[in-house]
Amino acid sequence: MPFPDTEPPRDCPRCPRLAGLREDLRRSHPDWWNSPVPAWGDPRAWLAIVGLAPGLRGANRTGRPFTGDYSGMLFYETLLKLGLAEGRYEARADDDLRLIGCVVVNTVRCLPPQNRPLPVEVTACRPYYVATLAALPEVRVLVALGRIAHDNAIRAAGGQLSQHPFAHGAEHRLDDGRTLLDSYHCSRQNTNTGRLTRAMFESVFRRALELRP
Ligand code: SF4
């Protein structure tokens, strides 16, 4: 389920570049979501998975994180395999997939061009990330997908990046008592080049399960 009290308004104006792209896409693809994509998952989550941002034909089209594009296939296959989801992933927001004990929170809620948000956009969206995590007091473990998500998670927890460098499989103790695990993002670019294998991705979530309270 989404977390409406912590979500930005549909026409959030804080990032003019992203708001402009959103408006363009509402005209060219009126049947797409084309709005900030809310966090999604189990309100009693112990695990928060920190994504980067909606993909053009994924979450930006369907309105649910990692739903409808290439990244979602490995992502949801992994969660289903490890018991962090149940049901059937059918690449659309109205399938019967349900997350179990976990939630997906994007670093940036709106689609960025070329999947690359600017630092100022990450900063602008951080209050929504912080509010979402604050509404999930049972979260003890975070998995950051990629360096931008990692940096955001560290900053949001009041940590210093110099003390917490990103590395696939790295584990960081945050000042708020939570543990952050790093993974390369499950993007097509990373999986096609072999930078991230299925086994590498799974191993991060297996470690998260070992840390489950
Ligand atoms: S990325 Fe976040 S802060 Fe920026 S316009 Fe979208 S919802 Fe607002």
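The values are calculated or read from the model by the stated rules, or taken from the named source; none is laboratory data. Predicted model only: the values in this text are computed from it and were never measured. Reconstructed Cβ throughout: ideal geometry from the backbone, glycine too, with neighbour counts over all protein chains shown. The area values use the complete protein model at the heavy-atom level, side chains included, leaving out ligands, DNA and RNA. Shrake-Rupley method; radii C 1.70, N 1.55, O 1.52, S 1.80 Å.
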Note, ³J(HN,Hα) from phi for segment 169-186, Karplus 6.51, -1.76, 1.60, rounded to Hz, x at Gly and Pro: x, 5, 10, 10, 8, 8, 5, 7, x, 7, 10, 10, 10, 9, 9, 4, 5, 7
Share antiparallel - DSSP beta bridges, the chain, percent rounded to 5: 35 percent
Phi-based couplings in Hz for segment 19-32 (Karplus 6.51, -1.76, 1.60; Gly and Pro marked x): 5, x, 5, 4, 5, 4, 6, 5, 6, 7, 9, x, 8, 8
Reciprocal mean inverse distance between Cα atoms of segment 150-213 - Kirkwood radius, Å: 12.6 Å
Accessible surface of segment 113-199 [probe 1.4 Å, protein heavy atoms]: carbon and sulfur percent: 50 percent
Principal axis dimensions, segment 85-176 - Cα atoms, whole angstrom, descending: 41, 32, 26
Simple Cβ-charge dipole of segment 44-87, Lys/Arg +1 and Asp/Glu -1, about Cα centre, in debye nearest 20: 120 debye
Equivalent ellipsoid, segment 1-63 (semi-axes from 5 times Cα gyration tensor eigenvalues, Å): 23, 13, 10
Ile49 long-range amide H proximity, modeled H, under 5 Å: Val103, Val104, Val105, Val143
Within the chain, helix-based [θ] at 222 nm, where runs of 4 or more DSSP H residues each add -39,500 (n - 2.57), nearest 500: -10000 deg cm²/dmol
Segment 47-206 - accessible surface per residue (Å², probe 1.4 Å): 42 Å²
The chain, Rg to Rh (Cα coordinates; Rh as Kirkwood inverse mean 1/r): 0.93
Largest-first ordering by accessible area, 1.4 Å probe, given options Arg207, Arg98: Arg98, Arg207
Net charge dipole size for segment 2-132 [Lys, Arg +1 and Asp, Glu -1 on Cβ; Debye, nearest 20]: 340 debye
